[in-house]
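Written out below as structure tokens is the structure these notes cover.
The values are calculated or read from the model by the stated rules, or taken from the named source; none is laboratory data. Computed from a predicted structure; not experimentally measured. Note that we place each Cβ from the backbone using ideal geometry, even for glycine, and neighbour counts take in every protein chain shown.
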Amino acid sequence: MNVNQMKKQAAWAALDYIHPGTIIGVGTGTTVFYFIEALKTVKHLISGAVSSSHASTLLLERQGIKVFNIQYFSSLNIYVDSADEINHCMQMIKGGGAALTREKILATMAKTFLCIIDQSKLVDILGKFPLPIEIIPISFSYIFKEIIKIGGLPKHRKHVITDNGNIIIDVYNLTVKDPISMEKKINSLPGVVTVGLFAYRTADITLIGQENRIKIINNKKI
Ligand code: 5RP
């Protein structure tokens, strides 16, 4: 099986966790694209979705799934999304698709964060994938300086404006040995909107697409 087949396998397995009559939180990216295709087959059973990006909203609506405005929700039963990297504590790097801020809001308000990945995303230490940070444009030079101080190599993600009107920097050269303190440190820099480290809000359940099987890591025991 190739990576896309493994992503698809994990995405379809997520349907087992969808309860009738609920509103589903939906992430962003290629794995989620497969999940939206799967969700279409049960759209008559669910009440609709809230989405982490304009891109996912368009895909959901194209499948005939009603999308509600996040602004009216303070909690969700489930949020389904992927990750760029995930460690064995279920802490993640996210934001490869630049949707990290809305993703973190939805993941945090959800009772269950269901992460769907192919096996290549599972790592021992986070940081090989460049860490995305959404920042307010005027803070650019200051944030660059601060990131270099902690040993990172920041690069501006060219031609990308987030759904919130901000810019993204990708930080290379990091070995994230203590994800919680790094999330805290980067979050505390003025100008940072969201860091793509999900160390506080880890996944509750992770479905890992492997060769012809799904590995399930369930930290929530539901
Ligand atoms: C988007 C994300 C995605 O979950 C992450 O980039 C994984 O994407 P893909 O499913 O395409 O591998 O965080 O902001």
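Some values worked out for this structure:
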| read-out | value |
| --- | --- |
| Elements of type strands (runs of 3 or more DSSP E) in region 122-222, at least 2 residues being farther than 16 Å from residue 85 by Cα | 131-135, 153-156, 167-172, 192-195, 213-218 |
| Sole residue being within 30 Å of residue 8 (Cβ to Cβ) and either free of Cβ contacts under 8 Å to residues at least 60 places away in the same chain or away from the ligand (no atom under 16 Å from the Cβ) (or both), chosen from 164, 212, 173, 187 | 212 |
| Region 109-121, residues that are within 11 Å of the ligand (Cβ to nearest atom) and not in a strand (DSSP E or B) | 120, 121 |
| Matching residues in region 49-76 - criterion: being part of a strand (DSSP E or B) and over 30 Å from residue 127 (Cα atoms) | 49, 67, 68 |
| Region 23-38 residues that are closer than 19 Å to residue 70 by Cα, paired with ones that are of a type in the set (Asp, Glu) (beta carbon under 7 Å, 6 or more apart) | 27/81; 27/103; 28/103; 32/81 |
| Test: residue in region 2-14 that is in a loop (DSSP other than H, G, I, E, B) and either farther than 16 Å from residue 202 by Cβ or modelled with pLDDT under 95 (or both) | yes |
| Close pairs (7 angstrom Cβ cut-off, 6 or more residues apart or separate chains): closer than 12 Å to residue 81 by Cα in region 1-17, of a type in the set (Ser, Thr, Tyr) and buried (at least 19 other Cβ atoms within 10 Å of the Cβ) anywhere | 7/31; 7/34; 10/31; 11/31; 11/34 |
| Odd one out for residue 113, checked against (1) in contact with a Pro (Cβ under 7 Å, 6 or more places away or on another chain); (2) assigned by TED's automatic domain parsing to the domain that holds residue 77; (3) hydrophobic (A, V, I, L, M, F, W, C) | (1) |
